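All of the numbers you see were taken from the coordinates with simple rules; none came from a lab. Since the model is a prediction, treat every value here as computed from it, not as a measurement. Virtual Cβ from ideal backbone geometry, glycine too; neighbours counted across all protein chains shown.
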Amino acid sequence: MLEVMMKPLQNQVLSPDLLQYFKVLQFSSEELREYMEQMAQDNPVMELKDIRVAGLYVPDREAGAETAELDGEANAFSGISAAEWKRMEIQRKLDWLASTDHQNRVYYGDDTERANDDYIQDLREYGESLQEYLKSQLVDSLFPGQDREIIDYIIDSLDKNGYFSEPFSVTAAIFHTDEQKIMKALQVVQDLDPAGVGCRDLKECLLLQIKRRNVHTGERTDANKRKVRLLSESIIAEDLRELARNRIHLIARKYHIDIETVHEAVAEIKKLNPKPGNAFNDRMNFQYVTPDVLVVTLEGNFQILAPDFHIPRFTVNRYYSQLLETCEEEKTRKYLRDKISQVKRLQDELKMRSSTLIHVSRALVEHQHRFFEMGPGNKIPMNLGDIATKTNLSISTISRTFRCKYLQCRWGVYPMNYFLTYAIAGKGEKTVQKKECNVTIEHIKAELCKIISKEDKRKPLSDQEIMEKLKDRGIELSRRTIAKYRLNFGIPDRYGRREFSQE
């Protein structure tokens, strides 16, 4: 006999309006701007205005939240004028330009090469690609017919780092020619700037650079510097594997020289760029970040602001608003009502978005107060659940709020996800979310670096010895876990950290 039982089930069904709000909440600034522009194209009632010069969404401390427009008037919050906010924004952009001016630079010890590097940097500022820059150096009359076609093909085949990895046999088959002709075309590319492009592996990349440097500066340097640079060329050609293993003493023994000279040669090698094409690639892919949240200190307290000057202003078109009042056709009136309601819903959604951003950011700042007071290296364990508990919001809402959002404070601009860090589970291999544990990966890295900075460089500490020293500082981890973190932090093992001195 079949028995039919009825059990009550609870299913949470989100309304279309709430689903739309969640969609707006998770948008990044750029995505939100694109969404609004597309909406303005689809909705004739929505009138999109210029992006506001300055504006802040400031929560009402008692009655909720409201929007403060700063079109030339003094900011009602903290007395900061619109002109001052604009000046701060311009200064922040200038600071950003200054800080990125030297990114991905290759510093040579020669003034001529440094000037050439500055020129390449200027080209990158204008967004010129590596391929465009290389082709601009070629003189058409010197490479007629198929020769130029092969050279252009090689340039277009370079990867983002400037390497050419296609076998000569394949390229030769494409152009129905011999491999010797392909090699000559590649040599033409390798003679272009920046030095090192067109290489087939790391060794060739470094050799192309060091040989060009030795040729350009050979007559202007003293005998000792020439000796060091020739030694660096020999090390690249024959001893890269030993150098990677930090076997300085073996290299010194091989060339019958003192260890100090080997260190000087290694210093020359470190000035070379293993990825000569990456400088162009990095600049072209870099995007300016607009912070969604500002954390400022006023009268000793942290204040959370949600700047909205990057969000386009919009309103209901006056013509369609008046048409709704005068039009007698019900179909038209319904269409206008729907479109106007859509615009007003977006206004409400943006207010809710800003209010949620501030609410969540305030909880974040309260939880990570050590970081905001003392700076990087002072984060404490925090997960989405911690913020959900503080704000009485769901974890999914917190996740949407954190997505693609940036927070600016006195220490810099950070993705909000940067503050999500988890506690370490004692002497195990797992990472857990324990409120009673205040050891984060950043804290482990800081302590590990402190220990290594104080070790005897001639006899570095083993992972076992590091484990004991961390234990003395209240951090209990297994030797295996320490080795894993050390590798993740880019710290070599004891042999790679060893420094050799002349006996």
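Here residue 390 is the anchor, and the lysines within straight C-alpha reach of less than 18 Å, apart from those fewer than 8 places off in the same chain, are 379, 434, 435. Take the residue pairs 227/254; 227/454; 23/160; 160/211; 254/484; 203/227 and return only those whose Cα atoms are more than 27 Å apart. Beyond 27 Å between Cα atoms: 227/454; 23/160; 254/484.
Here residue 325 and residue 403 are evaluated by their C-beta separation; at R0 = 51 Å the FRET efficiency comes out at 0.80. Pairs spanning more than 24 Å between alpha-carbon atoms, out of 135/270; 225/459; 49/351: 135/270; 225/459. Peptides 202-210, 394-402, 328-336 ranked from most to least packed by the mean count of surrounding Cβ atoms within 10 Å: 202-210, 394-402, 328-336. If R0 is taken as 22 Å, the Cβ-Cβ distance between residue 38 and residue 342 corresponds to a FRET efficiency of 0.95. Relative to the current alpha-carbon distance between residue 135 and residue 473, full extension at 0.36 nm per residue lengthens the span by 115.9 nm.
In this rough spin-label picture, where each label sits 7 Å from Cα along the Cβ direction, the residue 499-residue 28 distance is 4.1 nm.
Multiplying the residue separation of residue 223 and residue 489 by 0.36 nm and removing their Cα-Cα distance gives an extension gain of 91.8 nm.
As a rough guide to protection, the peptides 33-42, 223-232 ranked by mean Cβ packing within 10 Å, highest first, stand as 223-232, 33-42.
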